[in-house]
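Student: Take this structure first; my questions come after.
The values are calculated or read from the model by the stated rules, or taken from the named source; none is laboratory data. This one's a predicted model, so the numbers in the text were calculated from it and none came from an experiment. Note: ideal-geometry Cβ built from the backbone for every residue, glycine included; neighbour counts use all protein chains shown. These accessible areas exclude ligands, DNA and RNA; they are computed on the full protein's heavy atoms, side chains included. Shrake-Rupley method; radii C 1.70, N 1.55, O 1.52, S 1.80 Å.
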Amino acid sequence: MGKGINKDRIVAAALDLLNDKGMDALTVRALAARLDVQAPALYWHVRNKQELLDEMSTFVMRRVTDALSAVSPDAGWRANLADYGQVLRTEYLGYRDGARIFSGTRLSDPDVVKAKETWLARFVEAGFTLADADDALDVVTAFVVGFVIEEQERVRSEETTPGRYSLAERDAWLGEGADLVKAAGRLRDDHHTRFTRHLDVVLDGLAARQQR
């Protein structure tokens, strides 16, 4: 076992490596080099890259849970779900490829998983069936993951290739006969405003389902 190596140090170093190099460069070998140990020293704590991603995702979700602990149920289920979506996005954006590390992972801390109990109870009390309450959380989570993956990829593309999303060049490339497509492209606003608007669309759908 590597001297001074524990799971917390491994996860912290992995998140630093993620920020520096991105998801594709996050390997057990690269992480061991960053910690100045041999790769086998890490296997005492994480058996493979998937377990490493599980621990990283758990760290992020623990932060989400902590932030949401202050959210009052008095605001109602819709405001609670909106807060959940905003907090989740904020935490994902704190790390390069933050949303990607969440996809397909399994949380390793039962306390983080059990924190969902409070939220499910709130929604059931508000009139949701348990199945609809669980679906509501899953739908918002899926929306945030997809939105942030696209958001982070687009920002990185703009940084590495300035002008990649030039509307003037796009309009010229489209040529004639696409006036609505061109106009729609020019409606795009900043990521935060668009995220909030799109989240409202998701919540509108959940509200409509709830009223049926």
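Student: Are any residues in segment 36-69 among the aliphatic types (A, V, I, L, M) and closer than 28 Å to Arg209 by Cβ, and if so, which ones?
Tutor: Met61, Val64, Ala67, Leu68
Student: Just to be sure before I move on: is Arg170 open to solvent by less than 50 Å² (accessible area, probe 1.4 Å) and over 22 Å from the mean Cα position of the chain (by Cα) in the structure I sent?
Tutor: Against the criterion (open to solvent by less than 50 Å² (accessible area, probe 1.4 Å) and over 22 Å from the mean Cα position of the chain (by Cα)), Arg170 does not qualify.
Student: Same structure, new question: How many residues does segment 91-149 hold that are open to solvent by less than 50 Å² (accessible area, probe 1.4 Å) and of a type in the set (Ser, Thr, Tyr)?
Tutor: Total satisfying the criteria: 4.
Student: Taking only pairs six or more apart or across chains, which ones have beta-carbon atoms under 8 Å, a first residue in segment 92-114 that is within 15 Å of Gln50 (Cα to Cα) and among the hydrophobic types (A, V, I, L, M, F, W, C), and a second residue that is modelled with pLDDT under 95 and not in a helix (DSSP H, G or I)?
Tutor: Close Cβ pairs satisfying both conditions: Ile101/Tyr95.
Student: For segment 28-51, indicate whether the set of residues that are under 28 Å from Trp119 (Cα atoms) and out of contact with any Leu (no Cβ under 6 Å at 6 or more places or on another chain) is non-empty.
Tutor: Within segment 28-51, one or more residues are under 28 Å from Trp119 (Cα atoms) and out of contact with any Leu (no Cβ under 6 Å at 6 or more places or on another chain).
Student: Please go through segment 187-206 and pick out each residue that is surrounded by fewer than 12 Cβ atoms within 10 Å (Cβ to Cβ) and over 20 Å from the mean Cα position of the chain (by Cα).
Tutor: Those that are surrounded by fewer than 12 Cβ atoms within 10 Å (Cβ to Cβ) and over 20 Å from the mean Cα position of the chain (by Cα): Leu187, Arg188, Asp189, Asp204.
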